[in-house]
Amino acid sequence: MLNVAVVGSGPAGLYAAEALIKQTAALPVPVPVRVDVIDRLPTPYGLVRYGVAPDHKSIKSIAQYLRKVLESPDVRFVGGVLLGEDVTRDELLSAYDAVIYATGAMRDRRLGIPGEDLPGSYAATDFVNWYCGHPDMDPGAFILDAESVAVIGVGNVAVDVARILARDPAELHATDVPQPVLDALYASKVREVHMIGRRGPAYAKFTTKELRELGELPGVEVVVHADEADLNAFDSSGEGAKLAEEDRRVRGNLVAISKWAKDGDVPPSSTGHSRRLIVRFWLRPVEILGTDRVTGLTLERTAIDASGKFGGTGQFETLDAQMVLRSVGYQSVPLPGVPFDSRASVVPNAAGRVLGPDGSPLPGEYVAGWLKRGPTGVIGTNKSDAAETVRGLLEDLAGGPGEGDTPLPRAGLLRFPEPADRADADADAADWPLATVLAGRGITPVSYAEWLRIETAEADLAKALGRGERVKLHDSDAIWSACRPPRRLAHGERQARGSRGGGPLRPGPRR
């Protein structure tokens, strides 16, 4: 039996668990495997649950695919267990044949400009966690009393944030957005949203599908300054025009942007739209203005010269805004005791094998997802990424195909083995590697069955509110009460929730 721990139950972690089940069954000599998926939260699915906007139901449906992984007899969900506090790295390595770290990258990069810490200036991930109902976030964390909001960044997360701010909240009624968040969106005073990019439209990271959705929002006028949409106006290198020729995504983006381009200073519309979304390019924030809270944003015009050098032009403008949301990229955070490259914000690795200080692979340690490669790609990218990591793990530990051998089929072609070929699904729950360690600390991990209680409570809440299929429980108290109905603990007993009490769960990697 090959025992593997996967730390993180988001897409990267669950794709790794799936790859382990499928690849071990496809080996020339199949190897039985048991996978424990460990997460600090009592809820699985990571970024799919707490990072995908509530109005993107097609993307959120990925959870149904990941659910099948968790329901495999050889996979066990171990929720409410925090690496570094509830269990150490050394304890994991002693208890398992291998450990795969897959905790993602959910900390925002900072702008590094004056005023960044003023009240009213927030990391976009905090706003995303709020409207997605993350238990770390106070449901009352955001009061949308600003009329003008600046979103710094032109990636898909920035588009999500801008869309949620501009969208009619009535359109979110049937989604799973927590009720206190929906109430705050109904009370929102936001009438103008500015999405700001440092470079031009050819360099923006958003996808065409996400961008087009902005133009389909009822009651929202989308505007782009015509000169900023011009590929050559602030780019003398011609690189932007070259990208438009070579990249289909860029061409699709430019088609959408050209429809919104307007000359002049873009005065307030008289078309009857209730809200406006202004997409700006070739501007970088240099200071967030305000004394007690955000009142504005100073921006500098940027450009690329003929040599390809990017920089500021010395031309400034001041944008009136009472809230700033920073969405300029993500970073992973170090895991206690695990090697970490602070410059690249990843675990140093070679094709998923964790590397020690001397550059050599560390026995039994692997990494997948954003923690492995940085915050690149889409959710599905993690599938092939995890498959690569698992191929290396099996080559090291289970006689998997090595260099020169016939490789395993690519990730999408492998199937789950038949139930009869799997490990014993009825194994005693106490007979697992971490049972003694956690029991000695009075910690009872959250099981998959307990997670299903949370799902049931959310479905019941939606029915009671007359809102769609599910409404997320809005704080950690509600989640834990659904997971484990309140009962009197025996002397010295501590649930996995432990000293966290009813407040937000401990911060850390969320994916």
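Going residue by residue through region 88-97, is there one that turns out to be touching a strand residue (DSSP E or B) at 6+ places or on another chain (Cβ under 9 Å), farther than 30 Å from Ala19 by Cα and either surrounded by 19 or more Cβ atoms within 10 Å (Cβ to Cβ) or without any contact (Cβ under 8 Å) to a residue 24 or more places away in the chain (or both)?
Scanning region 88-97, I find no residue that is touching a strand residue (DSSP E or B) at 6+ places or on another chain (Cβ under 9 Å), farther than 30 Å from Ala19 by Cα and either surrounded by 19 or more Cβ atoms within 10 Å (Cβ to Cβ) or without any contact (Cβ under 8 Å) to a residue 24 or more places away in the chain (or both), so the answer is no.
For the subset of region 311-351 comprising residues that are of a type in the set (S, T, N, Q) and in a loop (DSSP other than H, G, I, E, B), which member is surrounded by the fewest Cβ atoms within 10 Å (Cβ to Cβ)?
Ser342
Only one residue in Pro178, Pro218 is open to solvent by 30 Å² or more (accessible area, probe 1.4 Å), touching a residue at least 40 places away in the same chain (Cβ under 8 Å) and under 30 Å from Leu465 (Cα atoms). Which one?
Checking each option against the conditions leaves just Pro218.
Taking the residues in region 54-81 that are of a type in the set (Asp, Glu) and open to solvent by 30 Å² or more (accessible area, probe 1.4 Å) as candidates, determine which candidate is farthest from Pro32 (Cα to Cα).
Looking at the filtered set, the residue picked out is Asp55.
Inside region 450-477, can you point out the residues that are open to solvent by 20 Å² or more (accessible area, probe 1.4 Å), small (Gly, Ala, Ser) and at pLDDT below 95?
Listed by number, the list holds a single entry, Gly468.
Considering region 329-374 alone, what residues qualify as being free of Cβ contacts under 8 Å to residues at least 40 places away in the same chain, of a type in the set (Ser, Thr, Tyr) and within 26 Å of Ile152 (Cβ to Cβ)?
Selection gives Ser342 alone.
Please go through region 352-374 and give me each residue that is farther than 21 Å from Pro336 by Cβ and surrounded by 14 or more Cβ atoms within 10 Å (Cβ to Cβ), ordered by number.
Arg373 - this is the single residue of region 352-374 that is farther than 21 Å from Pro336 by Cβ and surrounded by 14 or more Cβ atoms within 10 Å (Cβ to Cβ).
Look at Ala146 and say whether it is in a loop (DSSP other than H, G, I, E, B) and under 20 Å from the mean Cα position of the chain (by Cα).
Against the criterion (in a loop (DSSP other than H, G, I, E, B) and under 20 Å from the mean Cα position of the chain (by Cα)), Ala146 does not qualify.
Does region 20-49 hold any residues that are open to solvent by less than 10 Å² (accessible area, probe 1.4 Å) and either assigned to a helix (DSSP H, G or I) or acidic (Asp, Glu) (or both), and which are they?
Leu20, Ile21, Gln23, Thr24, Asp36, Gly46, Val48
The values are calculated or read from the model by the stated rules, or taken from the named source; none is laboratory data. All of these numbers come straight from a predicted model, not from anything done at the bench. Quick reminder, even Gly has a Cβ in these numbers, built from the backbone with ideal geometry, and neighbours come from all protein chains shown. SASA here: full protein model, heavy atoms, side chains in, ligands and nucleic acids out. Shrake-Rupley method; radii C 1.70, N 1.55, O 1.52, S 1.80 Å.
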